[in-house]
Amino acid sequence: MAYTAPPGPQETMQNFKKRLYGVLLTMATTGNGTGELRIARKHPGISWLRVWINLHTTGISDHIKSTWSAAIHDIIPTNERLAAIHLTTTTSCGRCGATDTLLHRLIACDEGPVIWTWTITRIAAILRIHPKHIPGEWTLRPTFHHCPPP
């Protein structure tokens, strides 16, 4: 016999998001005792408050935000990550043979350079700086400050 949920009021999207965030926060901090996120321990020099502000203040859909959040938290299944949790034996990229990291996939391999060139021109225009000053790390952890509107 299949399980059916007890009747009750429909959960709002806002309550669902709060509950989901609570579960993700619990999963991310379990085991370290400090309440600090795993990614913050892995990259201590990053201004994480700025990253979260940039993620949540963009005018993009929730689907894109969740994908970007997965990239920020470094949970995309690259060969480097899969090897770290013993699910594969190699860290090499299947296309070019370099170490398969998320940054490698986004800016160096396959169509990555074309997409990255387009992206840095857009970020540079928004920030009013030259594209050569945009580090590749900003695709994963966007710590820049937006310029005020003209």
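Here, each number is a calculation from the coordinates, and none is a lab measurement. All values derive from a computational prediction rather than experimental measurement. Methodologically, a virtual Cβ is constructed for each residue, glycine included, from the backbone with ideal geometry; neighbour enumeration extends over all protein chains shown.
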Legend entry - Inter-label distance, nm, simple model (7 Å from Cα along the C-beta direction), residue 50/residue 15: 3.8
Inset, instruction - Please list, in chain and number order, the residues 5+ apart from residue 92 or on another chain whose amide H is under 5 Å from its amide H, with Hs placed from the backbone. - result: 100
Inset, instruction - Would you kindly derive the ³J(HN,Hα) couplings of region 106-119 from the backbone phi angles with the Karplus curve 6.51 cos²θ - 1.76 cosθ + 1.60 (θ = phi - 60°), listing them in order in whole Hz, with x for Gly and Pro? - result: 6, 10, 10, 10, 6, 8, x, x, 5, 5, 5, 4, 4, 5
Legend entry - Table column - 3J(HN,Hα) (Hz), region 75-88, Karplus curve with 6.51, -1.76, 1.60, x for Gly and Pro: 10, 6, x, 7, 4, 4, 5, 5, 5, 5, 9, 6, 9, 8
Inset, instruction - May I ask you to derive the FRET efficiency for residue 91 and residue 114 from their Cβ-Cβ distance with R0 = 30 Å, giving the value to the nearest 0.05? - result: 0.80
